[in-house]
Structures are given as C-alpha cells and as structure tokens.
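The values are calculated or read from the model by the stated rules, or taken from the named source; none is laboratory data. Note that the structure is predicted; figures quoted are calculated from it, not measured. Cβ sites come from the backbone with ideal geometry, for glycine too, and all protein chains shown count toward neighbours. Note: accessible area is taken over every heavy atom of the protein model, side chains too, but ligands, DNA and RNA are not part of it. Shrake-Rupley method; radii C 1.70, N 1.55, O 1.52, S 1.80 Å.
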Amino acid sequence: MLTIKRVPTVLSNYQEDAAGCGRNCLGDCCLPLSKLPLYAFRNNKPLATAAASQVDLPADFLLNTLLLGQWEDRMSQGLFRYDVTACETKVIPGGHGFIAQLNEGRHLKKRPTEFRVDRVLQPFDPSKFNFTKVGQEEVLFRFEAGEDDSSRFFESASVDESVPPNVVAINVSPIEYGHVLLIPRVLESLPQRIDPESFLLALHMAHEAGSPYFRLGYNSLGAFATINHLHFQAYYLAMPFSVEKAPTKRIHINEELAKNGVKISKLLNYPVRGLVYEGGNNLKDLSDVVAQSCICLQENNIPFNVLISDCGGRIFLFPQSYAEKQALGEVSQELLDTQVNPAVWEISGHMVLKRRNDYDDASEEYAWRLLAEVSLSRERFEEVESYIFEAIGVLKPEKYETETKVKEEASFQPPVAGPPTYPEGCLVIQ
C-alpha cells in the first residue's frame, strides 16, 4: 500500500466536526425536509414542480447574479477561513504565462494526515467527513435539469426525494474568487469517481455560466482529491490558463466516432502530457467521450485530473503520477518543502503557493520543473493513451494531423531562460 502525508484542505467549516447532526445539514435527516434556491438549467428532462414564480433569465444570471452574488453574501457572513480577494497574484515572466498566487491561508499549522494514493477507486466511508455533513448555510443553490429549453430560477423549492439533489456549495478555503463545489446527487453518497451523468452535469454548469473565465476541475483519488465524496470544483479567474494556450496535435479518429463531432488532440510544448477533447454535436456527445476516457483510467487504477474549459466546449485530461512518485521517495525535498500539491489548477497553470519566498522567487523554470514531475513518461503516456483509445473506440493512429509547427520530440523540454514576455511585478486579480 502506497501512502503520502499531507495537510488536508478544509473545504467546509464542518470538516473537523463530523459527529452527529443537531443542525440543518445536507444529510437524509435534514435535506428532504428543506427548501433551497433552485437553478433549473435548460433541458428536456422532467423536474418536480417548485412553488415559485418563473421568469426569463439574463444570459449571465447563473454566474454574475446567482453564483457570485451568493458567494459574496457568504463572504459577508464570515463563512470563509480567509479573504482570498486579498491574496497577491502575478503572471510569472516567461513564454507560458504561468500564474502564481500567494495563499498563506492554505498553509495550515496542522499535523499532516496519511492518504492512500495507490487506489483510484475506494468505497464511500460514511464515518469520514463527507458533504452530507455540511451545514445548509454553506449551500448556494441546487443545480438541476429543467423542464424545457429555458433556464429558470426558483428562490425557494422543496427537495424532492425522488430526484436526488445536486448542490452548489462554497469552498471555505477558496483558491480564487467564486470558488465553489458542485456535489452531484449528494444524498446518494457517491465516492469520488466519474460517471456519465455527473460529468454531463458539470459540463452543463460550465455551459450555463457562459464565461471562458469560469472553469470546473476534477481531481481523482491519488491525484490530490482528499475527500472521497463525488465533487467538482469551480472558480472565476479572468485570465487564460497556460494549458489553454498550449499548442496541440490532432489525433485521427475512426469515421464512426467522428460522426458525433468530437475532436481529440494531444498537448505539445507543455510540461504535463495530456489529451484535449472539444467539439461534439452537443454537450452529451462530448461528455460521453470524456466520461468513458475517465472511467477507463479509473478502472485501470490510473490517477488523473480534468479541466473543463471554454464554457464546457474544451476539456483537458491529465493522467498523473506525482503522488505515487512522492510515496516512493522520487520527488526532490526542495519541491516537497513548498507543500504545493499539483492538482488540476496547478497542472493547468495556476500555481497556488503557500510561502512568501516561494512566491517572490517563482520562475517559469520552477513551475515547469514541478509540473514535469506530475507528468507520465512518454512511454507510460503512450501506454495509457492506448487504453483510452480502445475504451472509446478510437483506432490507434499511425500518424497525426498536425495543428502546430512544434515538433513533438522537442515539446516537453524545459523553457530556456530569456527576456520575460510579461512585465515583472504583481498583477492583482479581483
């Protein structure tokens, strides 16, 4: 059994008080009797009737009015562990534009906890902290499929036990403005594993938000998820991520799979090897292909991270091995001392640093070196890639259609120091 020790991130104010209820929680004891705000996204699936008035919603209602408005309300109530809007943020000089944030609020003075990192799929354990123990004051709204082609909002809607609720809650240790958790079917107590229904739900949320700067992320067990209860994370950052700017190379897929309009590429000139999925005739076509890819990794016990970008239209999949290398003693002490856990946000180019000296000294070479430790080797990635292609029905390509002039053999070399592309200094993002 492989384990690592790390300080767990506190996602809820109830995380260290997991005993009993005696309050308004998200468990079977309280939630079925509750009324919560409900956002019903455009869909053709039936939804139980809610006693509230229906009005047509502005295009930016979900993100700007509801999610960010309710998030700021919880901030005014003092529910967060620190003010993330006061954290310093800057673009690291260099061609890739990695973003660094100084977040000393996440540098907890607590004893590390031991986490098993050699099992991507683990059974749900109700004795450990899970999101049914969260207080309802941390919940912003429910997010459910609606009845028609228009999105609707209900200020107060009863929870129908026949429709397991999806909830959006705050992350009390936020990385950025508007940092929330999407918890699918919370009452079903699902372990942290991707399934097609839940992944499609996450894409719907990105699509409804309607902003390229609102992204969702997923970490599997073994890839720095610390709570074994199904959840996605999301936040708003008005800058492009480094991985979104990285060149790609198109992968030829067979004609049958191509009918759904999904395009698959591989990343080039980026420190972490990964696949990029985009297009599709509709959200479900794209979601199904990515979900099956994730399920393949889960069943083969390969840790991974997922970034949902471009309003749900572009998805990055990263098989990774950092925690395994850490457990085997193969990561340098210098990198371990930073206490940076390279999960989906770090891999995508948003480096959350917990010590002032690491932030002040942050360089593109450091970011590349850290992320390169996350990546699978070329040989291992090609092996994993073949598992995925077989699972989703893609014939292993003999050649790729190049979308960039960057040569693959040089695409994973660390950057060469040179004049900065971005100005030095601190760019504070609110």
On the accessible surface of region 261-326, probed at 1.4 Å with all protein chains in place, carbon and sulfur together account for a percent value of 38
Accessible surface of region 191-245 [probe 1.4 Å, protein heavy atoms]: carbon and sulfur percent | 53
If each of Gln292 and Ser332 carries a label point 7 Å out from its Cα toward its Cβ, how far apart are those two points in nm?
-> 4.2
Mean projected area (nm²) of the alpha-carbon convex hull when region 260-350 is viewed from all directions | 6.7
What is the sum of charges around Ala291, taking Lys and Arg as +1, Asp and Glu as -1, for the other residues whose C-beta is under 12 Å from the C-beta of Ala291?
-> -2
Taking R0 as 25 Å, what's the FRET efficiency between Asp125 and Asp195 from their Cβ-Cβ distance, rounded to 0.05?
-> 0.85
Summed residue charge, Cβ within 11 Å of Met351's Cβ, Lys/Arg positive, Asp/Glu negative = -1
Can you pull the one-decimal nm distance between simple spin-label points at Glu382 and Lys325, each 7 Å off the Cα toward Cβ?
-> 2.0
Inter-centroid distance (Cα atoms) of region 203-233 relative to region 168-199, Å | 7
Env charge @ Ser156, Cβ radius under 12 Å, K,R +1 / D,E -1, value +1
Counting other Cβ atoms within 10 Å of each Cβ, which chymotrypsin sites (Phe, Trp or Tyr not before Pro) in region 71-100 have at most 12 and sit in a DSSP loop?
-> none
Violations at 24 Å Cα threshold for listed pairs Lys249/Lys354; Lys284/Lys325; Lys325/Lys354; Lys90/Lys354; Lys35/Lys133; Lys245/Lys266 -> Lys249/Lys354; Lys284/Lys325
For the pair Leu79 and Asp149, the simple spin-label estimate (label points 7 Å beyond Cα toward Cβ) gives in nm 3.5
